[in-house]
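Only one structure is covered here, and it is reproduced in the block below.
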Amino acid sequence: FGQIVILLLRQLGVTERRLPPTDKDRDRTLDIIDNYFESNLAPNPRAEELAEKLHISRRHLSRILQKTYGMNFRDKLLLARMDRSAWLLRHTDKSVSAIAGEVGYTYDSAFRQAFRERFGMTPLEYRQQTRKDEPNERHH
């Protein structure tokens with residue numbers, strides 16, 4: 001049935017590129033986006049680079065991010081960095097400075113400021129607070 005629809009649409013001059021993406025295509029795109037943000041915290045990733053991986057324009061990437069996540073590239077990157085740093089603070093004994101560098105911050109002060117804005121406390125306060133609440137399962 002799908003092939004018939006495609007043939008009819010071709011006859012009408014509509015190419016596959018204009019067809020709406022399937023759920024499978026959408027899921028694949030979102031997997032690529034999520035993996036990109038999880039694995040590209042440092043050095044500074046660029047929206048153009050992700051758009052290129054997806055074979056779409058930067059503008060189209062912006063629309064996908066806004067529609068799916070309700071945020072732009074920069075905000076999604078910041079969220080990914082903060083989520084990763086929070087996990088590292090909870091589960092490792094790495095220094096705040098080491099964590100800042102690992103999640104893409106050149107300056108500890110910029111990291112601390114971003115962390116405080118996100119969580120309402122410093123990274124060290126967060127570590128102390130969350131370690132009180134969780135069983136001991138840290139790794140080096």
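The values are calculated or read from the model by the stated rules, or taken from the named source; none is laboratory data. Just so it is clear, the structure is predicted and the values come from calculations on it, not from any experiment. Neighbour counts run over all protein chains shown; Cβ positions are idealised from the backbone, glycine included.
If the condition is being surrounded by 15 or more Cβ atoms within 10 Å (Cβ to Cβ) and either touching a residue at least 60 places away in the same chain (Cβ under 8 Å) or closer than 30 Å to Gln129 by Cβ (or both), then segment 52-72 contributes only Tyr69. Could you go through segment 108-130 and let me know if any residue there is more than 20 Å from the chain's Cα centre (by Cα), surrounded by 19 or more Cβ atoms within 10 Å (Cβ to Cβ) and touching a residue at least 40 places away in the same chain (Cβ under 8 Å). Yes, segment 108-130 contains at least one residue that is more than 20 Å from the chain's Cα centre (by Cα), surrounded by 19 or more Cβ atoms within 10 Å (Cβ to Cβ) and touching a residue at least 40 places away in the same chain (Cβ under 8 Å). Quick one: in segment 3-42, of everything that is among the basic types (Lys, Arg), under 28 Å from Arg58 (Cβ atoms) and loosely packed, with under 13 Cβ neighbours inside 10 Å, which residue is modelled with the lowest pLDDT? Looking at the filtered set, the residue picked out is Arg18.
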